[in-house]
Amino acid sequence: MDLLLHLSVVIAIYAIFALSLNVEVGYTGLFNFGHVAFFAIGAYTSALLTLAGIPFIWSLPAALAMAGVCGFLLSIPALKLQGDYFGIATLGFGEILRMIFNNEVWLTKGPMGLPGIPRPEFFGFAFDTLPRYLALSSGFALLTFAILAFVVLSPFGRALKAVRDDETAAEILGKNAYRFKIKSFVIGSVFAGLAGVLWAHYATFIGPGDFTLTETILVLLIVVMGGKGTFLGPVVGAVVLIFFQESVRFLRLPPEWTRLLGPLQQMIFGLLLIVLMIFRPEGIIREKGGQR
Amino acid sequence: MDSISYYLQTVLNGILAGCVYALFAMGLTLIYGVLNFVNFAHGELIMWGAYFLFLFMAEPFGLPLYVAILPALALTGCLGLAMDYSVFRPIRRANRLTLLIAAMGLSVLLRNAAQFFWGAEVRTYGFEVMPGTQFLGLYLTTPQFAIIGVTLLCVAAVYLLFFKSRLGKSMRALSDNLDLARISGIDTKRSILAAWVISAVLAGIGGILLALDTNLHPEMGIANLIKAFAATLIGGVGNLWGALLGGLLIGLAENIGVLFISPGYKDGIAFVIMVLILLARPYVILGERSD
Amino acid sequence: MKKLALFVAVVAIFAFLAVPTARAAEPIKIGAAFALSGSIAVYGEGFKKCIDLAVEEINAKGGIQGRKIEIVYEDNKSNPKDCVTAVRKLITVDKVPVIFGPAGSSNFMATAPVAQENKVVLLSAQGAAVGLTKAGDYIFRVFPSDTLQGPHLAKLAIGMGYKKVPVMYVNNDWGLGLKNAFVDAYKKMGGTVTDIIAYDEKKTDYRTELLRASKGNPPAIVNLTYINEGAIQFKQAFEMGIKTQWLCGSAARAPKMVELAGKAAEGVIGTYPSVPQNTKQYQAFKEAYKKKYGDDKIPIFGDYNYDMVYVTARAIEKGGYTADGIRKALPAAAKGFKGVTGDKTFDNERSPKFAEYGIWIVKDGKIEDYKK
């Protein structure tokens, strides 16, 4: 039973993370390979504030704001680059941020990480049991889903797709592609930050090693496998992949096997990505009229 | 270490690192140029090259270093061909994101396969530790001599191949325009295969040199891949000399840079340089290959 | 149709996993979250051996009040995130009241709040970091804190005539704690620290840091390092022609380090919480280990883990097989208890009160006690 609850919480968190990346990659065609940086910013900001005694009700918006502002600042120079270059630049940003978290020990306790992050409390009501935390994260997941669905189904969302599919045409039609991309990037960053906050308060421990390229690849896999550019896709992807990843963690196997389990699991992820890209790059849920 | 040799040693370390990055970048830029996509799994060719050598030097083969290098590089070349055949050829025409993600998946697969077989711990080739040779007040170990020597050899070989041979001419044509090359009757298939073999062998050589200098571990490829990218982009996609210079530039910048900032940020220097150069070169914005 | 089948399969697997596993009420289960895979697996495997030995001995004598001890091992994959998962799993799925915690002070400290919050006793047999037990009164250790080791290392440096040293250390809880303890004591004794260099663990190339530390040719360098990192550092320093007296803490004092570093480790000196090995008790332990595993090289910290089992068993006997009972009974169980590693009495912070420090040196490829 506890296992089920744990799975559900992690799925909810990753659904939010994936939905946020989908806005950037799926709808706007931005290859953001540093998305985990905003997840980390949200997590660290909220963790540091709550550890300093500031209640969750303030640390949450602060973390979201921080993630959004950083997203905005990064996007301005980064979006001047196209395609692959943007991808690698964002990848670099993610890595540099991780180095900052790792080196600035006075702020983030470096590689030792931040243990003992408190569970959130709203006016005395503490989300400290598993079912309560599930309610909290599911609530936020639904909220995210609703907000982002609203965004992508709106004219704004359609404009994003237009920019993704043919930037020149979109410009001719009067859309300032650059501005749209920035807005999309900021939205994605804010919600990634939200996922990060929920993660930090769930795991109660975060360290720079939690926010590496592996995380980016996982969330990318979720979005791509679930079906990028659709709004149900990331959720489906999250359910399938997180289920697979976390439940394997909970199997009781002899130690000779656990040593091999980790890499084996990752190998399957890699293989899955390859097979997907060859046979079904659109993912499980296909986008209507989308490109291959 | 007194002050002058301290700084000289730093520059030397920069050159050594730069040579290794140059080898990686040349292989990467070759594929980028000929096939117009970023082979995210290039790091794994580097890493597997080093591990193949480890494989042939250990039981049951037990070959000495100079003999084991041949099968190791041969296998690495085969790995490159296999990568193209099984993953990239089926999606040759797909969009950039698809190719990139497939390459990422391949990278994850190969990296963890190495960890599966050899574990996550650092491995060594098992050579006895020896003091470096003194050379103008600086120290150079045998592997480090090899790095410089082998890099020079590879650069010479690459030059001869690309600018003095027919195959090289075909590959350069492909690099400029794949479709036009096809129509012109150039044997694109052969050129593509050749590109993969060369790219993989360069990666393998680089990986072996790196491992001789600093030991093996499964992350050694991807840790350096990012820098190879940076060198490739700095030098211009498809531009072999650019890759060479880009690699050296990054190697020097990294090692000299840590005289001023904390060593913890060493790996970030490559990125910063790359982004700065990219931002300063407006004609690169189009994302097209530019020579 | 395909989607329905997939959905049903997923639900079925969920249901299967959600069914709680039946548990026998008889054995006394103790959890252990160790590094059985990953970069510090060498530690976890060694602990497991010594713990299994202790459990076997206790069970042979009838167990605890007739019930046999069973250790539930969880692999923590050598990183803090999986340590937390492992401990959580032991608490929520296996419902054990007491857990033997992981090696690596940062790993341990990541799990401590989890144990404290869930009111489960957590013990460490090798965590030296200052402040390891700060998380709460359910956290104990049978290994001495480095607040005791720092001054000894400082005394060693001053005693050998080194009044100015650069300090290198692993950038984590252990390294940072020992560095601070050393620097404080060293300064008080009149020494000067010329440079402080933190470095990441698990890297393959430390030449940048080594180059910086060796600037100015210091006669001695204090390097608070681990087994793998230390081996790489000594080797690379040797290749770079750096000649200096290396002064270390206890974490590098392992045959494995000497094996990896070869000649380069010759002459390395360090402090460590010393355990007189010529007592009858220690020899008996060594004999028993040899009998079970075929060699008498006690793995690093293995002796502490062995004592940890005995102290815990005594506490269960006295206080009952509940977390609270164990917590309350541990101080009494440990008071005056002389394990193979000495007197295990706890101080006010649930760390050992007594610790002696010796000096080790690598001589002719072997680790020996250093006699001035």
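The values are calculated or read from the model by the stated rules, or taken from the named source; none is laboratory data. Just so it is clear, the structure is predicted and the values come from calculations on it, not from any experiment. Glycine also receives a Cβ, built like all others from the backbone with ideal geometry; neighbour counts cover every protein chain displayed.
Just a few scattered comments:
- Scope the stretch C:24-43; condition in a helix (DSSP H, G or I) and either modelled with pLDDT of 85 or more or touching a Lys or Arg at 6+ places or on another chain (Cβ under 8 Å) (or both); matching residues: C:Ala41, C:Val42
- Any chance B:Ile261 is at the interface with chain A (Cβ under 10 Å from one of its Cβ atoms), closer than 22 Å to C:Asp200 by Cβ, assigned to a loop (DSSP other than H, G, I, E, B) and without any contact (Cβ under 8 Å) to a residue 40 or more places away in the chain: yes
- Here the condition is being part of a helix (DSSP H, G or I) and free of Cβ contacts under 8 Å to residues at least 60 places away in the same chain; of C:Lys243, C:Lys256, C:Lys290, C:Lys297, it holds for C:Lys290 alone.
- Among residues of the stretch A:244-271, those that are at pLDDT 80 or above, facing another protein chain (nearest Cβ under 7 Å) and within 23 Å of the chain's Cα centre (by Cα), counted: 6
- Among residues of the stretch C:276-287, those that are assigned to a helix (DSSP H, G or I) and surrounded by fewer than 13 Cβ atoms within 10 Å (Cβ to Cβ), counted: 3
- Set side by side, the residues B:Ala82, B:Ala113, B:Ala68, B:Ala25 differ, and just one is in a helix (DSSP H, G or I) and surrounded by 23 or more Cβ atoms within 10 Å (Cβ to Cβ), which is B:Ala25.
- Single residue of A:Phe72, A:Phe56, A:Phe31 found to be more than 14 Å from chain B (Cβ to nearest Cβ), in contact with a Phe, Trp or Tyr (Cβ under 8 Å, 6 or more places away or on another chain) and either buried (at least 24 other Cβ atoms within 10 Å of the Cβ) or at pLDDT below 90 (or both): A:Phe56
- Scope the stretch A:104-131; condition modelled with pLDDT under 85 and in a helix (DSSP H, G or I); matching residues: A:Val105, A:Gly110, A:Pro111, A:Met112, A:Leu130, A:Pro131
- Unmet requirement for C:Gly365, which otherwise passes all of (1) at positive phi; (2) at pLDDT 90 or above; (3) not acidic (Asp, Glu): (2)
- Every pair of residues 6+ apart whose Cβ atoms lie under 9 Å, when the first sits in the stretch B:104-132 and is more than 7 Å from every other protein chain (Cβ to nearest Cβ) and touching a residue at least 60 places away in the same chain (Cβ under 8 Å) while the second is of a type in the set (Asp, Glu) and assigned to a loop (DSSP other than H, G, I, E, B): B:Arg111/B:Glu219
- Taking the criterion of being part of a loop (DSSP other than H, G, I, E, B), at pLDDT below 90 and either surrounded by fewer than 24 Cβ atoms within 10 Å (Cβ to Cβ) or within 13 Å of chain A (Cβ to nearest Cβ) (or both), the residues of the stretch C:96-132 that qualify are C:Gly104, C:Asn118, C:Gly127, C:Ala129, C:Val130, C:Gly131, C:Leu132.
- Test result for B:Ser199, closer than 21 Å to B:Arg89 by Cβ and not charged (D, E, K, R): yes
- The set of residues from the stretch A:92-108 being touching a residue at least 60 places away in the same chain (Cβ under 8 Å) and either more than 7 Å from chain B (Cβ to nearest Cβ) or among the polar types (S, T, N, Q) (or both) comprises A:Gly94, A:Leu97, A:Arg98, A:Phe101, A:Asn102, A:Thr108.
- Verdict on A:Phe33 being touching a residue at least 40 places away in the same chain (Cβ under 8 Å), under 17 Å from A:Gly196 (Cα atoms) and either part of a loop (DSSP other than H, G, I, E, B) or among the polar types (S, T, N, Q) (or both): yes
- Single residue of the stretch B:267-291 satisfying the filter (more than 9 Å from chain A (Cβ to nearest Cβ) and either at pLDDT 85 or above or touching a Pro at 6+ places or on another chain (Cβ under 8 Å) (or both)) that is farthest from B:Ala173 (Cα to Cα): B:Ile269
- Top-ranked residue in the stretch A:34-53 [being under 11 Å from the mean Cα position of the chain (by Cα) and not aliphatic (A, V, I, L, M); ranked as surrounded by the fewest Cβ atoms within 10 Å (Cβ to Cβ)]: A:Gly34
- Within the stretch C:200-220, considering residues that are at the interface with chain B (Cβ under 7 Å from one of its Cβ atoms) and touching a Phe, Trp or Tyr at 6+ places or on another chain (Cβ under 6 Å), the one surrounded by the most Cβ atoms within 10 Å (Cβ to Cβ): C:Glu209
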